[in-house]
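Participant: Mind having a look at this structure? Questions to follow.
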Amino acid sequence: MQSYFIKIWLGVLFLSLFISCAAVNKIIPKERKPFQEKPFDVKTWHEGDPQTRGEMAKDLRWKRTADQGYLLDQKGQPEILTILGEPDRKTRGKCCGAGGTSVEEVWLYDVEIKNETDSTTRIEQFQIYFTPNGKVDTFRISKWDDKNPDYFPRVG
């Protein structure tokens with residue numbers, strides 16, 4: 001009987017230690033790696049956190065294909081899923097261009113962006129806007145505002 005209580009006591013002790021270690025790990029922040037821009041890579045983007053994605057976001061935004069178009073231009077949603085994976089969030093946004101106002105689907109990917117002036121970082125969203133036929137209309141990096149989900153399309 002006494003060995004039974006010792007086993008229970010040891011089990012409770014072990015469980016308590018495990019829970020406290022897990023809690024401490026969440027409280028103590030991990031050491032952050034320095035922010036370094038890098039070329040876009042599909043596999044790294046898929047596996048990356050917002051900082052990793054942010055380090056590649058500028059290259060992704062301006063990356064050209066062999067025909068000199070932007071990598072994401074006129075891609076359909078299945079192609080974007082292949083390139084970037086599932087977005088962190090899907091929503092809708094209003095476009096106010098020359099053709100009037102339209103509501104488009106927007107996919108948001110969290111990215112950590114480095115401020116050029118003071119080298120601090122902040123979380124923004126890599127935003128991809130889709131036309132009603134499911135093709136990329138435009139994309140940008142900006143803080144998403146649910147209260148004002150408007151954007152102005154690229155010119156040219």
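Participant: Hey, among 3, 16, which residue is modelled with pLDDT of 75 or more and farther than 30 Å from residue 138 by Cβ?
Facilitator: Numbers: 16 fails: modelled with pLDDT of 75 or more.
Among 3, 16, only 3 is modelled with pLDDT of 75 or more and farther than 30 Å from residue 138 by Cβ.
Participant: Restricting attention to segment 121-137, which residues are closer than 21 Å to residue 64 by Cβ and free of Cβ contacts under 8 Å to residues at least 40 places away in the same chain?
Facilitator: If the condition is that a residue be closer than 21 Å to residue 64 by Cβ and free of Cβ contacts under 8 Å to residues at least 40 places away in the same chain, then 127, 129 are the ones that fit.
Participant: Among what's in segment 57-80 and is part of a loop (DSSP other than H, G, I, E, B) and free of Cβ contacts under 8 Å to residues at least 40 places away in the same chain, pick the residue that is nearest to residue 112 (Cα to Cα).
Facilitator: Filtering segment 57-80 down to residues part of a loop (DSSP other than H, G, I, E, B) leaves 63, 65-69, 71-75.
Narrowing the set further to residues that are free of Cβ contacts under 8 Å to residues at least 40 places away in the same chain leaves 63, 65-69, 71.
Values: 63: 18, 65: 25, 66: 28, 67: 30, 68: 27, 69: 25, 71: 21 Å.
Once the filter is applied, the top-ranked residue is 63.
Participant: Any idea which residue in segment 90-113 is surrounded by the fewest Cβ atoms within 10 Å (Cβ to Cβ), counting only those that are touching a Phe, Trp or Tyr at 6+ places or on another chain (Cβ under 8 Å) and modelled with pLDDT under 85?
Facilitator: Looking at residues that are touching a Phe, Trp or Tyr at 6+ places or on another chain (Cβ under 8 Å) and modelled with pLDDT under 85, I get 96.
Participant: Is it the case that residue 88 is touching a strand residue (DSSP E or B) at 6+ places or on another chain (Cβ under 8 Å) and touching a residue at least 60 places away in the same chain (Cβ under 8 Å)? Explain how you work it out, then say what you get.
Facilitator: On the way: touching a strand residue (DSSP E or B) at 6+ places or on another chain (Cβ under 8 Å): yes; touching a residue at least 60 places away in the same chain (Cβ under 8 Å): no.
When the stated conditions are applied, residue 88 does not pass them.
Participant: Separate question: Given (1) surrounded by 14 or more Cβ atoms within 10 Å (Cβ to Cβ); (2) in contact with a helix residue (DSSP H, G or I) (Cβ under 8 Å, 6 or more places away or on another chain); (3) modelled with pLDDT of 85 or more, where does residue 70 come up short, assuming only one miss?
Facilitator: Unmet condition: (3).
The values are calculated or read from the model by the stated rules, or taken from the named source; none is laboratory data. The structure presented is a predicted model; accordingly, all values stated were derived computationally and were not measured. Neighbour counts run over all protein chains shown; Cβ positions are idealised from the backbone, glycine included.
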